[in-house]
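The values are calculated or read from the model by the stated rules, or taken from the named source; none is laboratory data. The shown structure was predicted, so the numbers you read here are calculated from the model rather than taken from an experiment. Here the Cβ positions follow ideal geometry from the backbone for every residue, glycine too, while neighbour counts run over all protein chains shown.
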Amino acid sequence: MPLANPPAPQLTRTRAAVDATNLLRAYGSGEAQVVALRNVSVQFASGAFTAIMGPSGSGKSTLMHCLAGLDTVDRGSVRIGDTEITGLNDKALTRLRRDKIGFIFQQFNLLPTLTAEENILLPASIAGAKADPAWIGRVIATLDLADRLTHKPTELSGGQQQRVACARALATRPEVVFADEPTGNLDTRSSGEVLRFLRRSVDDFGQTIVMVTHDPSAAAHADRVVFLADGQIVEDLHRPTADSVIDTMRGFENRVPLAGEGR
Amino acid sequence: MLRATLKGMASRKARLVLTSLAVVLGTMFVAAAMVLTATMEKSVTGVISDAFTGVDAVVTAAEDPAAAQGNTPSATLIPASVLDDVRGVDGVESADGDVSGQVNAIGDNGKLVGAFAPTIGFNWNDQTTGYNEIRDGRGPEADGEVIVSAQFVKDSGFDVGDTVTAYSYTAERADYEIVGVFGLPGGRDSLAGETQIGFTTAEAQRLLTQGEDAYMTIYVEGDASTDTIADAVGADFRVQTGEEASEEAAQGFAVVADIMGYIFLGFGLVAVFVSVFLIINTFTIIVAQRQRELALLRAIGAGRNQVVGSVLAEAAVIGVIASIAGLGLGVLLGWGLSQLVSSSAMGGLAVKLEVPLTALWALAVGIGVTVLSAIVPAVKASGVPPVAAMREAVNPPKPLRGITIAGLAVTAAGGVLVGLGLTDNLGDLGLGGFLTGVGIAFVGITLLTPILSRPLVALLGAVMSWSFSGRLGKLNAGRNPRRTAITASALMIAVALVTGIATIVSSFKETTADLTDQNLDSDLIVMGQQGANIPTFAPETLAEIKALPDVAAVGDLYGEFFGAEIDGESTALFASEDLATSLQVFSGTVAEGTVEDLPDDGLVVNESAAQDAGLALGDTVPVTFADGESAQLTVVAVLEDQLLTDGFWVAPAQIAHFTVPKPMQAYIQVEDGADVDAVQDQVDDILADEPEVSVANNADFVEQQTSQLDLLLNSVQVLLALAIIIAIIGVVNTLVLSVLERTRELGLLRAIGMTRGQARRMITVESVIICLFGAVLGIAVGIGLGWTVQQALEEEGLTSFALPWPLIAGYLIAAVAVGLLAAIAPAARAAKLNVLNAIAYE
């Protein structure tokens, strides 16, 4: 798959949008304890598109949840922009997610009772704030959703729904957008549309995106791929191609025998 | 399959408990009604049979309707000679004549003792001495002495040594010294709240038999057979064994418990009816949630019948458990209520718990209703295609066309019946057809609730959409019209019933007020609070009032309610000292003939009553008075129909034949420009010595006339309270399930920044909208119900239609409160949701 133009390094991008240091996350206790993250430290540059990859149980979802303030870490620190989020209470975390973070999930991304436009404006509505109409208009135009705005999610195709979800994630101009397997439920054509949009939002709007995926061709749209295995970062690949991603995966699959692909 | 069902149930405990609660409540009230009735009957029978202990035979006057009243001097009495005859019968050890009846005693406060329960006067003789227990002093030994019951002491404020004034309908006032106080067996103060005064036999006869040496009942001890006694006393008298008499007497007292029993049975049935909706709803949701599970069962080879069976088995298990719990609680409630009834209305009757076999009906009702309600969801469940196991569980709301068409058809059918009934086109079916129509229309409207929920929820929601979470709540409430409608139905039914009754009551009040304002051309009214007896006052007082300088005219009213007959038909009679003046005060109009100088044999009647009796001006008809006198009366005037003057009027000369030859009411017209308050004070002074009545202005009059209706309304509102409990359970149930169903949605909202408070608010708004929807619909249906009844009763005199606005506002506020209350637990659940789990929730 041809790679879009890699972004030229800029001064503003040297700042990390997300900065995680020495993250430890374990579930359960005693014999049954499962350590999902072992001392993970990783930075995601502002204005960059980073993919997180790894086999099932590698901790990639846990990492994303901890970074996004959906899950708490046992040790370590997570900063979103200038905000240290470890130790924040639920209310502050909720506000942080609302104002600084955008989410795209694999499925069930939209509220069925609201129209496409209302779904796009959802975070602003929850905040009781007015979204910037010019910005929203630009996002909608980019995603080619102008003639779908009054439709309910049930009246949209899967790809259209996910495009609406993308628009919603970007509507508040968040510090970072976390995408959890955004193409997992889509056909190849729709996947391509969504990934190209994510790429464009990084290139054209300077958006920071962190995407969890198990699809090498999806990861190839990113500027960088971080590989997780067994709760640790095992590879950090810059300017990936689908082939280099697959090669890298083969490389550590040989080191750690793993049970198949999954998210 | 059964095992799968039971395991499934165990994993859904909370929901099943909620559903069961509705069944428990319904069963509980039905069982309580049965227990209350049986327990009170047993307890009362026990007391009465205590009273008849040692009584071997009872002689009463032969059956006579007037005698049954016990307070009419014309009742057929047993002459003293019969008592002597009975005493002369072989085997009779002793016999006592009993004189008893209603008397009036003036209490410490100048008004009658015991406004709502009668004061019974009787002769204190050997038999009563043996039965009652003297607590203080002794029995009367002279005509000026009395012994009173402990209840009398309580109600009158008098005690031994005080002097009490007493009189009867036929005997003038006299003063008596209280020489003793007695109680009833078992330490009770009264049997059923009544007060009692024991006189000497001679004095009791002066008060109650117009001085005749006669008795009402003879109590016999000894082993003489009833036949022997009957032979001795002759065919004019009835002889019963003590047991028979005891049973007969008990029947009268058990009526109170019976009425209470019916009321609770009504509550129970309404509760059961409302639970039907709750059960249908819960099972529908359970089935929807288990869609994949059921599809899987179908896919691996379970037949349709097995799926239906599994859902019905679940219902049966709930029904059995809940009904047994309800039965148990119902027995407790019935026992508690019996205690309450006995202490509040029966003077502390000792309660003997009795659980009748009929209480098992409650079990049958509970189980039957649960299983029957589950049939529709069960059949729906069997329709789940096996392929659904492989699909995402999406339950798009079904189109409402079918149910709406059915609802319209049923409502229309009911409406047509009601319409025919209102226009008197149902012929013989009349009232029955009309009521059936109302019932059918009610069911039809219930079927229409889903389609009605769309616009109404949108409208109600608009009020609450000022916040975004409120808007989401509104959208959620409108999401599944069937579910919203069925949840709100519980509240709707209850609110419709009370609003309907409240509307009828307020229409009655309005009608009374209108009649008073428009038709009653008087400023002051002399009347008494109607309690156990009809309050009257001395005729002389009337003359005194007429003589007051500022009084322009006085309309007076004498009444005879028992025992008079016109042409063999039992009817009420009225009389006025000056019918012409009274008609003017009552705004009555003479249609034909004249009421001036009413001849003694004259009869005046309103048009429709004349028509009903087949009478016309100039007709002569035989009239029998309560005292047994008969006369041929001629219709000398026909009045236009007008509620206040409707009925049969006889000449003043006939008043002497009335049971109570005293005026009941007087309507005073004050001279123009005179001070009404001043006249009221003057009349008040004149009435100082009239314990039964007082003077009131028109507004007070309306209040007095309608106070009983308020009592009715209040007791009906208890029913609403019960339905509210069930409604809360229903709303909680629906919301909990909605929260479950929308777990991932909530997770998404929380992930993208909805705070816990906002999530809570969203659920609360949904809850309040559902409740308000039920209340608004109920109020609308109730008003319709009230209006229909008012229309039906218009000819009977219910001419005005008025809405009970304060109550309606109250019901709306109550609905909001219910909504807030019901939302607490589900909202907390939604707020506490773990965002991560919620997103991953399948």
Options A:Thr241, A:Thr248, A:Thr188, A:Thr208: the member that is of a type outside the set (Asp, Glu) and in contact with a Ser or Thr (Cβ under 7 Å, 6 or more places away or on another chain): A:Thr208
Would you call A:Leu110 within 14 Å of chain B (Cβ to nearest Cβ), buried (at least 21 other Cβ atoms within 10 Å of the Cβ) and within 30 Å of A:Arg200 (Cβ to Cβ)? yes
Only one of B:Val164, B:Val153 is part of a strand (DSSP E or B) and either on the phi > 0 side of the Ramachandran plot or among the aliphatic types (A, V, I, L, M) (or both); which? B:Val164
Assess whether B:Val736 counts as being under 30 Å from A:Leu93 (Cβ atoms) and either assigned by TED's automatic domain parsing to the domain that holds B:Leu807 or basic (Lys, Arg) (or both). yes
Out of (1) surrounded by fewer than 20 Cβ atoms within 10 Å (Cβ to Cβ); (2) in the same structural domain as B:Val765 (by TED's automatic domain parsing), what's the single condition that is false for B:Asp684? (2)
Exception for A:Leu143 within (1) in contact (Cβ under 8 Å) with a residue 24 or more places away in the chain; (2) within 13 Å of chain B (Cβ to nearest Cβ); (3) more than 25 Å from A:Cys66 (Cα to Cα) falls at (2)
Can you name every residue in the range B:762-799 that is hydrophobic (A, V, I, L, M, F, W, C) and either assigned by TED's automatic domain parsing to the domain that holds B:Leu644 or surrounded by fewer than 24 Cβ atoms within 10 Å (Cβ to Cβ) (or both)? B:Val776, B:Ala780, B:Val781, B:Ile783, B:Leu785, B:Trp787, B:Val789, B:Ala792, B:Leu793, B:Leu798
Being of a type outside the set (A, V, I, L, M), surrounded by 13 or more Cβ atoms within 10 Å (Cβ to Cβ) and within 17 Å of B:Gly810 (Cβ to Cβ), is that true of even one residue in the range B:691-702? no
Using the structure shown, decide if B:Ala513 is under 30 Å from B:Leu448 (Cβ atoms) and assigned to a helix (DSSP H, G or I). no
Within the range B:563-578, the count of residues that are buried (at least 19 other Cβ atoms within 10 Å of the Cβ), under 36 Å from the mean Cα position of the chain (by Cα) and not in a strand (DSSP E or B) comes to 3
What pairs come up if the first residue lies in the range A:14-33 and is free of Cβ contacts under 8 Å to residues at least 40 places away in the same chain, the second is among the aromatic types (Phe, Trp, Tyr) and part of a strand (DSSP E or B), and their beta carbons are under 8 Å apart, counting only those six or more places apart or on different chains? A:Gln33/A:Tyr27
Output yes when any residue across the range B:316-335 is farther than 30 Å from B:Val351 by Cβ and either in contact with a strand residue (DSSP E or B) (Cβ under 9 Å, 6 or more places away or on another chain) or not in a helix (DSSP H, G or I) (or both), and no when none is. no
Of all residues in the range A:77-98, which are in contact (Cβ under 8 Å) with a residue 12 or more places away in the chain and facing another protein chain (nearest Cβ under 7 Å)? A:Arg97, A:Arg98
Being small (Gly, Ala, Ser), closer than 13 Å to A:Gln232 by Cα and either within 14 Å of another protein chain (Cβ to nearest Cβ) or surrounded by 22 or more Cβ atoms within 10 Å (Cβ to Cβ) (or both) is the filter here, so list the residues in the range A:57-76 that pass it. A:Ser58, A:Gly59, A:Ser61
Looking only at residues that are at pLDDT below 90 and hydroxyl-bearing (Ser, Thr, Tyr) in the range B:166-185, which one is nearest to B:Gly137 (Cα to Cα)? B:Tyr167
Hand me the list of helices (runs of 4 or more DSSP H) wholly inside the range B:1-117 holding 3 or more residues that are buried (at least 21 other Cβ atoms within 10 Å of the Cβ) and at pLDDT below 75. B:13-51
So, of the residues in the range A:106-130 that are among the charged types (D, E, K, R) and modelled with pLDDT of 85 or more, which turns out to be farthest from A:Val164 (Cα to Cα)? A:Glu118
Can you run down the residue pairs with Cβ atoms below 8 Å, 6 or more apart or on separate chains, where the first is in the range B:233-245 and within 7 Å of B:Ala57 (Cα to Cα) and the partner is modelled with pLDDT under 80 and buried (at least 19 other Cβ atoms within 10 Å of the Cβ)? B:Gly242/B:Phe52
Which members of the range A:120-135 meet the condition of being buried (at least 20 other Cβ atoms within 10 Å of the Cβ) and more than 10 Å from chain B (Cβ to nearest Cβ)? A:Ile120
When the range B:471-485 is examined, which residues are found to be over 19 Å from B:Gln758 (Cβ atoms) and crowded, with 24+ Cβ neighbours inside 10 Å? B:Thr484, B:Ala485
Name the residues in the range A:64-76 that are assigned to a helix (DSSP H, G or I) and in contact (Cβ under 8 Å) with a residue 40 or more places away in the chain, would you? A:Met64, A:Cys66, A:Leu67
